[in-house]
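The values are calculated or read from the model by the stated rules, or taken from the named source; none is laboratory data. Please read all numbers here as calculations on a predicted model, not as lab measurements. Quick reminder, even Gly has a Cβ in these numbers, built from the backbone with ideal geometry, and neighbours come from all protein chains shown. For the accessible areas, the whole protein counts, side chains as well, though only heavy atoms, and no ligand, DNA or RNA atoms are used. Shrake-Rupley method; radii C 1.70, N 1.55, O 1.52, S 1.80 Å.
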Amino acid sequence: MSNNKHKILVHVCCAACASYVFSELEKENFQITAFFYNPEIHGKAEYERRLSDVMTLCEEKNIKLIVPEYNIQDFFAPLLPYQDKNSIKFISDKKRYKRKRCQLCLSLLVREMINKTRQLHFKYFTTTMLCSPYKDHDEIWNMSLEGSIDKSLNLYYKDFRKGYWTGRNYARSHYIMIPKYCGCNDSLEEGRLE
């Protein structure tokens, strides 16, 4: 590849995952801009801890970081019809509700990632969620393609899961928090049950 770096927007969920994804993208000659958009993270303190670690990582790696205003209602508003017993969309089954909740969350994060990529006039985007063995890669892939195809944007897809433990080890050695749950209150409760 030439010395010209391709600009890429990277949606970042946490510093542990980002540490590995950033290093892989740097090897591929990308100029990274990090995007910390995570309205699903339950608890302002949890959100700020994750953001603080991401800010530190971006500073160390000289990566520009974009942080939109934290608004948890961005996450909760689409869920309300599925929680309202008077709504035709109400889901009483816990497994079906979890699947829908995660689908709506991914859709929100992918949509905002695509919108920000377009706004910045970048051609490429990706997400550190692709580092997690707990995320549905097919869902992320399909939503990203569906949302970007008419906008001339490209999802940079790489199965970063092999670096999941590398990111965890980096976090431990750099005193970075390793999240114990995905982000939302439901995932916090589900994590306690496992």
| task | Please name all residue pairs, on different chains or six or more residues apart, with Cβ atoms under 8 Å, provided the first residue is in region 112-128 and is within 25 Å of R161 (Cβ to Cβ) and modelled with pLDDT under 95 and the second residue is among the β-branched types (V, I, T) and surrounded by fewer than 17 Cβ atoms within 10 Å (Cβ to Cβ). | result | none
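Residue check: is Q31 open to solvent by 30 Å² or more (accessible area, probe 1.4 Å) and over 19 Å from L108 (Cα atoms)? Walk me through it before giving the result.
Numbers: open to solvent by 30 Å² or more (accessible area, probe 1.4 Å): yes; over 19 Å from L108 (Cα atoms): yes.
It is true that Q31 is open to solvent by 30 Å² or more (accessible area, probe 1.4 Å) and over 19 Å from L108 (Cα atoms).
So, H137, is that one more than 21 Å from R50 (Cα to Cα) and either touching a residue at least 40 places away in the same chain (Cβ under 8 Å) or open to solvent by less than 40 Å² (accessible area, probe 1.4 Å) (or both) or not? Outline the logic, then answer.
Working: more than 21 Å from R50 (Cα to Cα): yes; either touching a residue at least 40 places away in the same chain (Cβ under 8 Å) or open to solvent by less than 40 Å² (accessible area, probe 1.4 Å) (or both): yes.
When the stated conditions are applied, H137 passes them.
Working carefully through the options K5, K64, K89, K85, find the one that is open to solvent by 20 Å² or more (accessible area, probe 1.4 Å), modelled with pLDDT under 90, touching a strand residue (DSSP E or B) at 6+ places or on another chain (Cβ under 8 Å) and of a type outside the set (S, T, N, Q).
After applying the criteria, what remains is K5.
Are any of the residues in region 8-27 among the β-branched types (V, I, T), under 20 Å from Y181 (Cβ atoms) and open to solvent by less than 60 Å² (accessible area, probe 1.4 Å)?
Of all residues in region 8-27, those among the β-branched types (V, I, T) come to 8, 10, 12, 21.
Add one more test, that the residue is under 20 Å from Y181 (Cβ atoms), and what stays is 12, 21.
Adding the requirement that they be open to solvent by less than 60 Å² (accessible area, probe 1.4 Å) leaves 12, 21.
Yes, the conditions are met somewhere in region 8-27.
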